[in-house]
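**Q** I am attaching a structure below and will ask some questions about it afterwards.
The values are calculated or read from the model by the stated rules, or taken from the named source; none is laboratory data. What you see is a predicted model, and the numbers here were worked out from it, not measured in a lab. Don't worry about glycine lacking a Cβ; one is built from the backbone with ideal geometry, like all the others, and counts go over all protein chains shown.
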Amino acid sequence: MHHISVAAPPTHPMVTIAIDEHRGRTYAKAELRWGGAQLAGMGIAYRHPADAFTGDAGRKLATARALSDVADELRRFSRPRAGEPSP
């Protein structure tokens with residue numbers, strides 16, 4: 001499993017990405033820590049044997065999907081809850 005971390009002071013967001021390849025699939029997990037919140041997203045890429053992709057295309061695609069999942073979670077997390085004023 002590959003790990004990529006972007007270190008930042010505790011008051012700034014920190015993203016950790018873990019990538020694993022297993023049985024022809026590439027899995028990526030992205031975790032966002034910001035203040036007291038921790039959000040996670042998953043991404044999966046599958047390479048069909050007929051695909052011409054080579055190298056790290058699966059890792060890039062799975063990572064992009066995991067980050068997109070985290071962005072969706074962040075949007076949901078940031079929405080005002082019932083009874084709370086909007087920003």
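**Q** Are any residues in region 22-77 of a type in the set (D, E, K, R) and under 27 Å from Thr11 (Cβ atoms), and if so, which ones?
**A** Lys29, Glu31, Arg33, Asp69, Asp72, Glu73, Arg75, Arg76
**Q** Follow-up question, since we're still on this one. For residues that are in contact with a Lys or Arg (Cβ under 6 Å, 6 or more places away or on another chain) and either within 11 Å of Val70 (Cβ to Cβ) or β-branched (Val, Ile, Thr) (or both), scanning just region 1-41, find the one that is modelled with the lowest pLDDT.
**A** Thr26
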